[in-house]
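Novice: Dropping a structure here in structure tokens format, bear with me for questions.
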There are 2 protein chains.
Amino acid sequence: MNTAIADTQQQILAAALHRFASCGYAGTSVQDIVDTARVTKPTLYYYFANKAGLYQALVASAHDERFRLMQEAATRGDTLEEQLVEILTALFDYSRGHRELMRVAFATAFASPDELPEGVDYTAKCERNFEFMHSLIKKGLQTGALDGHFDSKELAFGVYGLMNVYVMAHLMMPECKLDRPTAKQVVDLFLSGAAAKKTAPNGTAKRRKP
Amino acid sequence: MNTAIADTQQQILAAALHRFASCGYAGTSVQDIVDTARVTKPTLYYYFANKAGLYQALVASAHDERFRLMQEAATRGDTLEEQLVEILTALFDYSRGHRELMRVAFATAFASPDELPEGVDYTAKCERNFEFMHSLIKKGLQTGALDGHFDSKELAFGVYGLMNVYVMAHLMMPECKLDRPTAKQVVDLFLSGAAAKKTAPNGTAKRRKP
DNA sequence: TCACAAACCTACCGAACGGTAGGAAGAAGC
DNA sequence: GCTTCTTCCTACCGTTCGGTAGGTTTGTGA
């Protein structure tokens, strides 16, 4: 029965995500997961090779979904500024709706190698995701939309880092807003420095907030 | 014997830091720590109440040292820009020299409540440290050094977040430079947007890199 | 109707966990 | 010489860990 298979498997994945997000990898026992999923331990080992495989599946899905969202969002903007706002908005929305997954992903990123099971290739996926942003920035430098005094990597690091800082802040302080207006503010703060100044004679460049 | 006391205690602290940084809180066993410190388990419990107390001591020292460094660095600058460069440089230097402690501190920040022992008041110390930066930014807004279009919290979030992003990047990718030139670049990127534009008629505001 | 395979179970394994009881070693004071 | 205190030890406690052996249930195709 396909639905039953997927059902139990998804139940285990959801339970594992909940437990890993609450207690970390080492702090979560397989017993915790199967109890939450209302199945037994051998059932989990029927669907997943081991505890590590379960974790890897979750982390990989987080990075892949972020990558997909960024690509999709970038097509919805014509200028670099529009693209950035779309990307940040998409990732903010996703992060709001998947806080536990984001927590697991960031905890994985800042965990030491020995803390996690070997073979979690999160660095490659992180780099791939960053390089997508980097490619947009490089294009922005070529078209003259961005200030050529800055290095492309430094700029990409700026937006990408700032974006992630907001996501992380939302993880630590849920009251921290994570919506389109916030995305616009972040892009505005970034671009007002990064964008090549267009010789505004009276000294006030385009700015949104009154 | 005072030196012997401090010696064994420091040995345990150093070993605990090393193990916690490598394997996380839950992933580190007390046996690991005492083996690394070349003492036995009861010796550890002679100096520390429990595994949690050991961890708390380490995390608290990291945040307190960062706070002290920021305060001290701020006195070494006259303008806001100088202060920011000094602060970032000081924290970058410290982070380079204490990577394991930084790793533990950040891992703690992004860990879930249940992952760590209760009573780790890292949020209060995080807030205190952020508010110090926030106070500098508010002063910068009052003196007109910063663009009043932005919210003080948003701006403080910008620099503080950007600074921490670089520290985190250095944790993940040690080849990522973390020195005074980097600090200057970060402040430059931040201020070129956040600083009130000084009506440069030819459109090029002060910028450092040629 | 019956063989078969997928789905899921109870019950258990050896190992490692955090923490402790109780004492040995050695210097200090008398 | 004897007591006392600090420092650190061996040996062990009960519990939980990740993982498995071996079997039962259940729907399916012939």
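Novice: Only one of A:D32, A:D78 is open to solvent by 20 Å² or more (accessible area, probe 1.4 Å) and within 12 Å of DNA strand D (Cβ to nearest atom). Can you tell me which?
Specialist: Selected residue: A:D32, the only one of A:D32, A:D78 that is open to solvent by 20 Å² or more (accessible area, probe 1.4 Å) and within 12 Å of DNA strand D (Cβ to nearest atom).
Novice: Taking helices (runs of 4 or more DSSP H) that do not extend beyond the range B:71-154, which have at least 2 residues that are at pLDDT below 90?
Specialist: It comes to B:99-110, B:122-142.
Novice: Of the residues A:V159, A:V186, A:V165, which is at the interface with another protein chain (Cβ under 7 Å from one of its Cβ atoms), open to solvent by less than 20 Å² (accessible area, probe 1.4 Å) and at pLDDT 90 or above?
Specialist: A:V165
Novice: OK, next. Only one of these is within 16 Å of DNA strand C (Cβ to nearest atom) and either more than 13 Å from every other protein chain (Cβ to nearest Cβ) or in contact (Cβ under 8 Å) with a residue 12 or more places away in the chain (or both): A:F106, A:F48, A:F92. Name it.
Specialist: A:F48
Novice: Right, next: Take the residues of the range A:51-64 that are within 14 Å of chain B (Cβ to nearest Cβ) and of a type in the set (G, A, S): which is nearest to DNA strand C (Cβ to nearest atom)?
Specialist: Only one residue tops the list, namely A:A52.
Novice: Let me ask another. Given the condition in contact with an Asp or Glu (Cβ under 9 Å, 6 or more places away or on another chain), touching a residue at least 60 places away in the same chain (Cβ under 8 Å) and open to solvent by less than 30 Å² (accessible area, probe 1.4 Å), answer yes or no: does some residue in the range B:109-124 qualify?
Specialist: No, that holds for no residue.
Novice: Yes or no: A:A26 touching a residue at least 60 places away in the same chain (Cβ under 8 Å) and outside the structural domain of A:Q10 (by TED's automatic domain parsing)?
Specialist: no
Novice: I would also like to ask the following. Quickly run through the range B:7-33 and pick out the residues that are part of a helix (DSSP H, G or I), of a type in the set (G, A, S) and either at pLDDT below 90 or out of contact with any helix residue (DSSP H, G or I) (no Cβ under 7 Å at 6 or more places or on another chain) (or both).
Specialist: Hits for the range B:7-33 are B:A14, B:S22, B:G24, B:A26, B:G27.
Novice: Now, a different point. What number of residues in the range A:47-59 are assigned to a helix (DSSP H, G or I) and open to solvent by 30 Å² or more (accessible area, probe 1.4 Å)?
Specialist: Looking only at that region, the number is 4.
The values are calculated or read from the model by the stated rules, or taken from the named source; none is laboratory data. Given the structure is predicted, the values throughout are model-derived calculations rather than measurements. FYI the Cβ positions are ideal-geometry reconstructions off the backbone, even for glycines, and counts take in every protein chain you see. The protein model used for the area step is the full one, side chains on, heavy atoms only, and it has no ligands, DNA or RNA in it. Shrake-Rupley method; radii C 1.70, N 1.55, O 1.52, S 1.80 Å.
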